[in-house]
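Please read the structure below before turning to the comments.
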Amino acid sequence: MAAQTEESDCAREQTKAEQDVDQVRTRAARDQKRLDSGAVGSPKDLANLQHEIASLAKRQGDLEDVVLEVMERRESAQERVAELTERVASVQAKTDDAAARRDAAFQEIDGEVASVTKEREVVAASVPADLLKLYDKLREQQGGIGAAKLYQRTCQGCRQELAITELNEIRSAAPDTVVRCENCRRILVRTAESGL
């Protein structure tokens with residue numbers, strides 16, 4: 001935006017400088033025509049007119065230098081605008097690509113969520129209602145994890161190793177008894193790797 005503004009400012013400045021050159025050029029041409037026509041009779045007026053033509057020629061040269069300097073600045077600003085526009089386009093392309101990948105990932109995740117939700121509904125139908133209610137309550141309290149695997153005497157929910165007394169109680173419990181971690185209160189899932 002700043003580069004475009006600079007280029008726009010240079011364009012206005014160039015137009016103004018070119019108009020100034022045209023005004024001086026027109027006035028010099030008019031004076032030269034008057035001089036060439038011989039309409040000026042007085043030597044003093046003739047000298048003044050020649051002096052004015054010379055002054056206008058110098059002024060025109062100075063103004064043309066200003067126009068060239070402004071044109072160079074404008075060209076530099078245009079190059080900067082082109083470079084930045086190209087960079088913006090490159091960044092926009094990367095942003096668009098990232099957004100497309102994000103949208104594809106969301107679609108994939110949504111598909112997985114739908115699939116897992118269906119699987120959960122099937123499994124939940126076979127779980128006693130009171131156990132499912134307890135699991136849902138714990139899941140809500142524990143950041144989405146209501147049950148954790150007991151692996152080598154450690155609760156995988158809170159990562160705490162269970163005390164010997166807890167392990168003995170779990171060992172002696174019936175296989176279908178719901179056991180919970182004393183630290184995090186999650187339901188413990190016993191497997192062959194539980195270390196019991």
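How high is the FRET efficiency between A104 and Q4 when r is their beta carbon distance and R₀ equals 41 Å, given to the nearest 0.05?
Working from the Cβ atoms, E equals 0.75.
For segment 37-91, what is the charge dipole size about the Cα centre, in debye to the nearest 20, if Lys and Arg each add +1 at the Cβ and Asp and Glu each add -1 at the Cβ?
180
Let's see if you can work this out: charge +1 on each Lys and Arg Cβ, -1 on each Asp and Glu Cβ, no other charges. What is the dipole magnitude of segment 129-190 about its Cα centre, in debye to the nearest 20?
About 160 debye.
As a test of the formula, what do you get for the chain when each DSSP H run with n ≥ 4 contributes -39,500 (n - 2.57) and the sum is divided by the residue count, at 222 nm and rounded to the nearest 500 deg cm²/dmol?
About -26500 deg cm²/dmol.
With θ taken as phi - 60° and the coefficients 6.51, -1.76 and 1.60, list the Karplus ³J(HN,Hα) couplings across segment 170-186 in order, rounded to whole Hz; mark glycine and proline as x.
Residue by residue, segment 170-186 yields 5, 4, 7, 6, 5, x, 9, 7, 7, 10, 10, 6, 6, 7, 9, 6, 6 Hz.
For the pair T165/D97, report the inter-label distance in nm, with labels modelled 7 Å from Cα in the Cβ direction.
Once both label points are built, they end up 6.1 nm from each other.
Mind checking which of V70, V123, T177 is farthest towards the positive end of the chain's charge dipole, using Cβ charges of +1 (Lys, Arg) and -1 (Asp, Glu) about the Cα centre?
So the residue furthest toward the plus end is T177.
I'd like the isolated cysteines in the chain, meaning no second cysteine's beta-carbon lies under 4.7 angstrom from theirs.
C10
Read phi for every residue in segment 135-143 and hand back ³J(HN,Hα) as whole Hz from Karplus 6.51 cos²θ - 1.76 cosθ + 1.60, θ = phi - 60°, with x for Gly and Pro.
Result, ordered by residue: 4, 4, 5, 5, 4, 5, 6, 9, x Hz.
Given a Förster distance of 25 Å, report the FRET efficiency between N183 and A124 from their Cβ-Cβ distance, rounded to the nearest 0.05.
Efficiency, rounded to the nearest 0.05: 0.45.
Taking the Cα centre of the chain as the origin, how large is its charge dipole in debye, to the nearest 20, when only Lys and Arg (+1) and Asp and Glu (-1) carry charge on their Cβ atoms?
On the way: 30 positive and 37 negative charges, 166 e Å.
Charge dipole of the chain: 800 debye, to the nearest 20.
If you take the charge dipole of segment 2-100 about its Cα centre, with +1 on Lys and Arg Cβ and -1 on Asp and Glu Cβ, which of A3, L35, S90 is farthest toward its positive end?
Result: L35, furthest along the dipole toward the positive end.
Determine the distance separating the Cα centre of segment 21-57 from the Cα centre of segment 166-196; give it in Å without decimals.
That distance is 111 Å.
Compute the distance in nm between two label points, each set 7 Å from the Cα along the Cα-to-Cβ direction, one at E112 and one at D65.
7.1
Every number here is computed from the coordinates shown, using simple stated rules; none is lab data. All values derive from a computational prediction rather than experimental measurement. Here the Cβ is made from the backbone with ideal geometry for all residues, glycine too, and neighbour counts use every protein chain on show.
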